[in-house]
Amino acid sequence: MDTLIAIIIIFGVLVAVHEWGHLYFAKKAGILCREFAIGFGPKIFSTKKNETVYTIRLLPLGGFVRMAGEDPEAVQIRPGYEVGLVFNHENKVRQIIVNNKSKHPEAKVVSVERIDLERRLQIEAYTDEEAGLQTFKVDDKCDVIVDEKAEQIAPLDRQYGSKKPWQKAVAIFAGPFMNFALAFVILVTFGLISGVPQDDAKLGEFTEESPAREAGLAEGDEVLAIEGQEVSSWDEMTTAIREHPNEEITFEVVRNGENLTIPVETNSRYDEMAEEEVGIIGVASVMAHSPLEAVQYGASQVYQVSMLIFDVLGMIVTGQFSLDYLSGPVGIYNYTGEAASLGMAVLIQWAAMLSVNLGIVNLLPLPALDGGRLLFIFAEAVRGKPIDPQKEGMIHFIGFALLFLLMLVVTWNDINKFFM
């Protein structure tokens, strides 16, 4: 249950921040954003603020911002349709009632001859034979109501497709960028509160049942060697310890200027990433408390995690890394549970890693991902005109289907590992 709660909170925050980046910069560009959604599938919660409907959907597999103009308008009003018109105080149409007109007695029923809700924002229609053809001005925030559900019209200047390539690119790139920014903020905050881990081969705080403490090691001891192997950094020290699960190993340390040799019986835990038992002694690294170091720590960690992910992606492309080692939702769930079991500090750092991973994956130049959409925007900038929306939509649909298939394969691998 703790793992489930942790994964819901972490992914909810990561997706919400990612989509908020799209939403904020799309609105800054003047694009009408119809919906901000966390998850896919049926709605389980919905509320509207200003022009945008905020929803939580059943399947927690991501999220989206639905921008006007990305897809064809759901309702097409054609000549000959009878609709109801409701006017505002400026005598402009503020509501167009497509059906159930009897529920809106205040509406003027007209027969549409011509309608333009994108450029001229007007309706030419007949109210009766004697009055002849009349022209009605339409408010730029007019709602079209179908089955008692309202959707705001999107004048051309409020549509995604009408914006300049750089404005589109900023709105799309903002999602992944916010994931990098979130990871940076998480790590800096962690550094300010808990301190920045130092890479010195020194012992910091001990856990409650620490084998190191029971053996006689003390906080502040400087480790010179383990099992005769010299160590000069925290990474070298922990690597040496991990190689000896449930074994007695000898520590050579310096304490108050005195050299000591202390045998320690290690414990072990199963490392799911390494798929093996590793040694532990229940001690943390020394922490430094400095705002400057916290900022440097946040930036360096985001950079290091990014380079690691790019290295793995490069190995996948060159065939040096099997898809069997990739993890989907089940694998991430298991790793999150392992991180949670190691304490809040590890879980927070794991959340930052996931945020960087989400940002990089979304920037891959694949259809249906933000990187793929940026490629189409780049092509538009080079050609001087956008790619045919229907062709682009089809490519994104195929890409989404292939990505979904990949997710199924990876999830199957995760399940197989779980039962092995």
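Evaluating 6.51 cos²θ - 1.76 cosθ + 1.60 at θ = phi - 60° for every residue in segment 301-307, the Karplus couplings come out as 5, 4, 5, 5, 5, 4, 5 Hz, glycine and proline recorded as x.
Computed over the chain with a Gaussian network model linking Cα atoms closer than 10 Å, the most mobile of Phe190, Phe173, Phe136 is Phe136.
The phi torsions of segment 368-379, fed into the Karplus equation with coefficients 6.51, -1.76 and 1.60 and a -60° offset, translate into couplings of 6, 9, 4, x, x, 5, 5, 4, 5, 5, 4, 4 Hz, rounded to whole numbers, with Gly and Pro shown as x.
Mean residue ellipticity, 222 nm, helices only, the chain: the sum of -39500 (n - 2.57) across DSSP H runs of n ≥ 4, divided by residue count and rounded to 500, is -14500 deg cm²/dmol.
Close amide-amide hydrogen proximity is noted between Ala225 and Val231, Glu252, each under 5 Å apart and 5 or more residues distant or on a separate chain (H modeled in the peptide plane; Pro and chain starts excluded). Within the listed set Ala68, Ala131, Ala240, the Gaussian network model of the chain (springs between alpha-carbon atoms below 10 Å) gives the highest mean-square fluctuation for Ala131. Entry note, segment 347-420: relative contact order of 21 percent, from Cα contacts under 8 Å with a spacing of 6+ residues.
With the cut-off at under 19 Å, measuring from each backbone N in segment 173-204 to a point 7 Å along the Cα-to-Cβ line of Ala218 picks out 201-204. Rounded to whole numbers, the Karplus 3J(HN,Hα) couplings from phi for segment 28-35 are 4, 7, x, 7, 6, 9, 6, 8 Hz, using 6.51 cos²θ - 1.76 cosθ + 1.60 with θ = phi - 60°, and x at Gly and Pro.
Once you order the gyration tensor axes a ≥ b ≥ c over the Cα atoms, which shape class does segment 193-242 get: rounded for a/c under 1.5, otherwise prolate or oblate by comparing a/b with b/c? Since a/c reaches 1.5 but b/c is at least a/b, the shape of segment 193-242 is classed as oblate.
Lys391: net charge of surrounding residues, Cβ under 15 Å, Lys/Arg +1, Asp/Glu -1, itself excluded? My count for the surroundings of Lys391 gives -2. With 24 Å as the limit on Cα-Cα distance, the pairs of Lys49/Lys385; Lys43/Lys103; Lys108/Lys141 that go past it are Lys49/Lys385; Lys43/Lys103. Close amide H pairs (under 5 Å, H built 1.01 Å from N) link Ala288 with Val196, Gln198, residues at least 5 positions away or on another chain. Which stretch or stretches of segment 134-176 have amide N atoms under 13 Å from the point lying 7 Å from Arg120's Cα along the Cα→Cβ direction? Answer for this model: 134-138. Under the simplified labelling scheme, the Leu59-Glu130 pair shows an inter-label distance of 5.7 nm, with each label point 7 Å from Cα along Cα→Cβ. Please report the carbon-and-sulfur percent of the accessible area for segment 153-312; probe 1.4 Å, protein heavy atoms only, DNA, RNA and ligands left out. Answer for segment 153-312: carbon and sulfur cover 52 percent of the accessible area. Bridging of Lys149 to aspartates and glutamates at a Cα separation below 15 Å is possible for Glu35, Glu51, Glu73, once same-chain residues fewer than 8 apart are set aside. Model label points for Ala299 and Val185, set 7 angstrom from Cα along the Cα-to-Cβ axis, are 1.9 nm apart. Full extension of the chain between Arg94 and Ser233 yields a length gain of 43.2 nm, computed as 0.36 nm times the residue separation minus the alpha carbon distance.
Between Met353, Met178, Met407, the GNM of the chain built on Cα springs shorter than 10 angstrom shows Met407 fluctuating the most. Distance between the pseudo-spin-label points of Glu277 and Ala345 (7 Å out from Cα toward the beta carbon): 2.6 nm.
Please state the charge dipole magnitude for the chain, taken about the Cα centre, from unit charges on C-beta atoms (+1 on K and R, -1 on D and E), reported in debye and rounded to the nearest 20. With only Lys, Arg, Asp and Glu charged at Cβ, the dipole is about 3020 debye. Under the criterion of Cα pairs below 8 Å and six or more residues apart, the relative contact order for segment 17-152 equals 17 percent. Relative contact order for the chain: 14 percent, from Cα pairs under 8 Å spaced at least 6 residues apart, divided by residue count. Given H placed on each backbone N at 1.01 Å, which residues far from Ser268 in sequence or on other chains put an amide H within less than 5 Å of it? Close amide H contacts, sequence-distant or interchain: Asn246, Ile280. Heavy atoms of the protein chains alone define the surface here; on that basis the chain has 57 Å² accessible area per residue at 1.4 Å probe size. Of the whole protein surface, Ser300 contributes about 40 Å² of accessible area at a 1.4 Å probe radius. The calculated FRET efficiency for the pair Val75 and Val13, based on their C-beta separation and a Förster distance of 30 Å, comes to about 0.30.
Going by accessible surface with a 1.4 Å probe and the largest first, His289, His18 read His289, His18. Shape class for segment 226-324: oblate, because the ratio a/c of the largest to smallest gyration tensor axis (alpha-carbon atoms, square roots of eigenvalues) is 1.5 or more and b/c is at least a/b. Measuring from a point 7 Å past the Cα of Glu82 along Cα-to-C-beta, which residues in segment 122-141 have an amide N at less than 16 Å? Residues passing the 16 Å test: 125-130. Residue ranking by accessible heavy-atom surface, 1.4 Å probe, largest first, among Tyr303, Tyr24, Tyr54, Tyr297 comes out as Tyr303, Tyr24, Tyr54, Tyr297.
Measuring only protein heavy atoms, the 1.4 Å probe finds Thr127 accessible over about 40 Å².
Maximal additional length on extending the Leu260-Arg66 stretch stands at 63.4 nm, based on 0.36 nm per residue less the C-alpha distance.
The values are calculated or read from the model by the stated rules, or taken from the named source; none is laboratory data. A quick note: this is a predicted structure, and the numbers were derived from the prediction, not measured. Here the Cβ is made from the backbone with ideal geometry for all residues, glycine too, and neighbour counts use every protein chain on show. Heavy atoms of the whole protein, side chains included, go into the accessibility calculation; ligands, DNA and RNA do not. Shrake-Rupley method; radii C 1.70, N 1.55, O 1.52, S 1.80 Å.
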